[in-house]
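Below: one structure, written as structure tokens.
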Amino acid sequence: MEHPVYPQSGPEIARKRRELAPQTLDAFKAFSAQVFAEGALPVKMKQLIAVAVAHVTQCPYCIRGHTEAALRHGASEQELMEAIWVAAEMRAGGAYAHSTLALDTMMQHAHGAAPR
């Protein structure tokens, strides 16, 4: 039988997680609940942000969970896809912006100077 790269998180995993660090788990759950509560940003928007961030961090559990939560809070499929495209642009933009480091190193090397 083939083993999945990302195992399902079931009751046994949840029990073990709680057993190993119950206070930290409770604190994380409280923090998460506060972060995703209605506030200056509506819950739907927070979930759309979470979907975008989950695509940047490439967390499959977060992608599924926050996509489902966004849909439950009224996000459309089009809004979700736009959020994903924002994430893709930001990730690509980071690589583009950081090319400055490589280009600066190339120019320094070409001029015989030590990289900064």
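FYI, it's all coordinate maths here, none of it is from the lab. Quick caveat: nothing in here was measured; it's all calculated off a predicted structure. Glycine gets a Cβ as well: all are built from the backbone with ideal geometry, and neighbour counts include every protein chain shown.
Taking the chain as a Gaussian network, where each spring joins two C-alpha atoms under 10 Å apart, which residue of Met106, Met81, Met45 fluctuates the most? Of Met106, Met81, Met45, the most mobile in the Gaussian network model is Met106.
Run the helix sum for the chain: -39,500 (n - 2.57) per DSSP H stretch of 4+ residues, divided by residue count, reported at 222 nm to the nearest 500 deg cm²/dmol. All intermediate terms of the calculation are to be shown ahead of the outcome.
Numbers: 5 runs with 86 residues, N = 116.
Value at 222 nm, helices only, nearest 500: -25000 deg cm²/dmol.
Can you give the Rg to Rh ratio for the range 24-65, taking only C-alpha atoms and Rh from Kirkwood?
1.00
Straight-line cross-link partners of Lys16 among the aspartates and glutamates, defined as a Cα under 16 Å from its Cα and at least 8 positions apart when in the same chain: Asp26.
Can you check what the net charge comes to around Glu38, using other residues whose Cβ is under 11 Å from the Cβ of Glu38 (Lys, Arg +1; Asp, Glu -1)? That works out to +2.
Dividing the alpha-carbon Rg of the chain by 2.2 N^0.38 Å yields what?
It is 1.51.
Work out the charge dipole of the chain with +1 on the Cβ of Lys and Arg and -1 on the Cβ of Asp and Glu about the Cα centre, then indicate which of Tyr6, Ala113, Gln58 is farthest towards its positive end. After comparing all options, I get Tyr6.
Quick one: length gained pulling Met45 to Ala95 fully straight, 0.36 nm per residue minus the C-alpha distance? Numbers along the way, then the final one.
Details: separation 50, 0.36 × 50 = 18.00 nm, distance 2.60 nm.
Length gained, Met45 through Ala95: 15.4 nm.
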